[in-house]
Structure formats: C-alpha cells, structure tokens
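*Asks:* Before I ask anything, here is the structure I am working with.
The values are calculated or read from the model by the stated rules, or taken from the named source; none is laboratory data. In this text the structure is predicted, and so the values were computed from the model without any measurement. Positions of Cβ are generated from backbone atoms using ideal geometry, with glycine treated the same way; all protein chains shown enter the neighbour counts. Protein only, heavy atoms only, side chains kept; ligands, DNA and RNA dropped before computing areas. Shrake-Rupley method; radii C 1.70, N 1.55, O 1.52, S 1.80 Å.
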Amino acid sequence: MDADNMQGHKALRRGRFSQENNMYHVTIVTYQRQPVFSSFETASALARVLNSPAVLKTSSLSAWVIMPDHWHAIVQVGQHDSLSQIVGRIKAISTRVIHNKKLWEGNLWTKAFHDRALRSENELLPLARYIVANPLRAGLVQRAGNYPFWNAAWV
C-alpha cells in the first residue's frame, strides 16, 4: 500500500470515538474492491457471521446489506464494546470462515473502515432504506426483496 493510502487510513481513525448504545453507519470495503461477495457461497458465509451472537456480543445490527465489494450496516454499540472491536471481530471471523471453507484466498478486507455516528433517531429509517436499496441502485435486482443478502429490523 502506498503512503497516500496509509495517510487516508489514519485519517479515518482520527477523532473516532464510539459510545455505548450509539448507532453508527458503517461501511467496510473488500481489499482492492474485489467482488468477493458476488459468489452466493461467500456472501452466505458472511451473512452467517453477521448473525452470530459470538460476533456481535451485546451489540446489534439494525440494518445491513452485503454488496459484491463492500458491506453497509447500522451498528448499535453494546456494553463494554467499541465500534472498532465490533468491526475487527466481523473482519477477523469472516476472513477465517471464508478462508477455512476455501471460498477466497488472500486479503479479504481493507484495513480501515468508514463510520458516521447517527445524530438522531430521525436518521434511522431513511438510512436503513438507503442501505437495503443498494442492490437496486447497483442494478443487481429489480426489487430489494429479490436480493438475498440484506436485513433490517423494520422488515
């Protein structure tokens, strides 16, 4: 990775603060934007990880979508946890599962992730709609309900 990209990764961490019970819009991108999750089996493996209580512990996902080269979610940070720890577990466990099943070789995720704290509950539903509509905007399906790799607490 070149020096400019490392500066960008450090900039993503600058000022990062996660607070218990706060909700965050999180985006994690695959390494070099490779379409790792265009494979049904690989996307299914990630979906199982996302639904694992061992991964989330006391945190929760209100909405998420797995796209071919990234993952979006609304994450609520639980007790004795931080956003970085949650994302770290998702990355580590999904990488281990996917490598063990021989679904992908090499790097799976970029080192950094993007997050934005939600400032009010009024942001939740529009953001959840934005997240689950990603496959529509990308032209992967004609209806969100036809895409298998998303979930939202409101549906």
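*Asks:* So what J values fall out for region 63-80 if you push phi through Karplus, 6.51 cos²θ - 1.76 cosθ + 1.60 with θ = phi - 60°, rounded to Hz, Gly and Pro as x?
*Replies:* 7, 7, 8, 9, 9, x, 10, 6, 9, 10, 7, 9, 10, 9, 6, x, 5, 6
*Asks:* Please identify every one of the trypsin sites (Lys or Arg not before Pro) in region 17-107 that sits in a loop by DSSP and has no more than 12 other beta carbons within 10 Å of its own beta carbon. Could the numbers behind the result be given before it?
*Replies:* On the way: sites: Arg33, Arg48, Lys57, Arg89, Lys91, Arg96, Lys101, Lys102; in loops: Lys57, Lys101, Lys102.
Qualifying residues, ordered by number: Lys101, Lys102.
*Asks:* What does the net charge come to around Pro68 if you take all other residues with beta carbon closer than 15 Å to its beta carbon, with K and R at +1 and D and E at -1? Intermediate results must be reported in sequence, preceding the final value.
*Replies:* Details: positive: Arg33, Arg137; negative: Glu41, Asp69.
So the surrounding residues net to 0.
*Asks:* Right, something else. Give, in whole angstrom and from largest to smallest, the semi-axes √(5λ) of the equivalent ellipsoid of region 37-84, with λ running over the eigenvalues of the Cα gyration tensor. Before the final figure, lay out each step's value.
*Replies:* On the way: eigenvalues 94, 26, 12 Å².
Whole-Å semi-axes of the equivalent ellipsoid: 22, 11, 8.
*Asks:* Assuming R0 = 35 Å, can you tell me the calculated FRET efficiency for the pair Arg143 and Gln79, based on Cβ-Cβ distance, to the nearest 0.05?
*Replies:* On the way: r = 37 Å, r/R0 = 1.07.
Approximately 0.40, to the nearest 0.05.
*Asks:* Taking square-rooted eigenvalues a ≥ b ≥ c of the alpha carbon gyration tensor, is region 95-144 rounded, prolate or oblate, where a/c under 1.5 means rounded and, failing that, a/b exceeding b/c means prolate? Don't jump to the answer; show the numbers that get you there.
*Replies:* Numbers: a/c = 3.12, a/b = 1.55, b/c = 2.02.
Taking the square roots of the gyration eigenvalues as a ≥ b ≥ c, region 95-144 is oblate.
*Asks:* Please list His114, His80, His72, His99 in order of solvent-accessible area, largest first, computed with a 1.4 Å probe with all protein chains present. If you can, show how the numbers build up before the last one.
*Replies:* Numbers: His114 95, His80 160, His72 15, His99 65 Å².
Result, largest first: His80, His114, His99, His72.
*Asks:* Further question on the same structure: Just grab the label-to-label distance for Lys101 and Arg48, each label 7 Å out from Cα along the Cβ direction, in nm (one decimal).
*Replies:* 0.5 nm
*Asks:* For Ile98, what charge total do you get from the other residues with a beta carbon under 12 Å from its beta carbon, if Lys and Arg give +1 and Asp and Glu give -1?
*Replies:* On the way: positive: Arg48, Lys91, Arg96, Lys101, Lys102; negative: Glu41, Glu105.
Net charge around Ile98: +3.
*Asks:* Based on the alpha carbon coordinates of region 62-116, what radius of gyration and maximum Cα-Cα distance (Dmax) apply, in Å?
*Replies:* When restricted to Cα atoms, region 62-116 yields Rg and Dmax of 12.2, 34 Å.
*Asks:* ³J(HN,Hα) across region 21-37 via Karplus (A = 6.51, B = -1.76, C = 1.60, θ = phi - 60°), whole Hz, x for Gly/Pro?
*Replies:* 6, 6, 10, 9, 8, 10, 10, 10, 10, 5, 4, 6, 6, 6, x, 3, 8
*Asks:* Given the Cα-Cα distance of Asn21 and Asp69 and 0.36 nm per residue of separation, how much length would full extension add, in nm?
*Replies:* Details: separation 48, 0.36 × 48 = 17.28 nm, distance 2.82 nm.
Length gained, Asn21 through Asp69: 14.5 nm.
*Asks:* Rounded, prolate or oblate: which fits region 52-155 when a ≥ b ≥ c are the square roots of the eigenvalues of the alpha-carbon gyration tensor, with rounded for a/c under 1.5 and prolate only if a/b beats b/c? Display every interim value, and only then the final one.
*Replies:* Numbers: a/c = 1.87, a/b = 1.10, b/c = 1.70.
Taking the square roots of the gyration eigenvalues as a ≥ b ≥ c, region 52-155 is oblate.
*Asks:* Checking understanding here: applying a Kyte-Doolittle mean of at least -1.0 and a length along the axis of at least 18 Å (C-alpha), which whole DSSP H helices in the chain pass? Could the numbers behind the result be given before it?
*Replies:* Working: long enough: 83-100 (25 Å, 0.34).
In the chain, the long hydrophobic H runs are 83-100.
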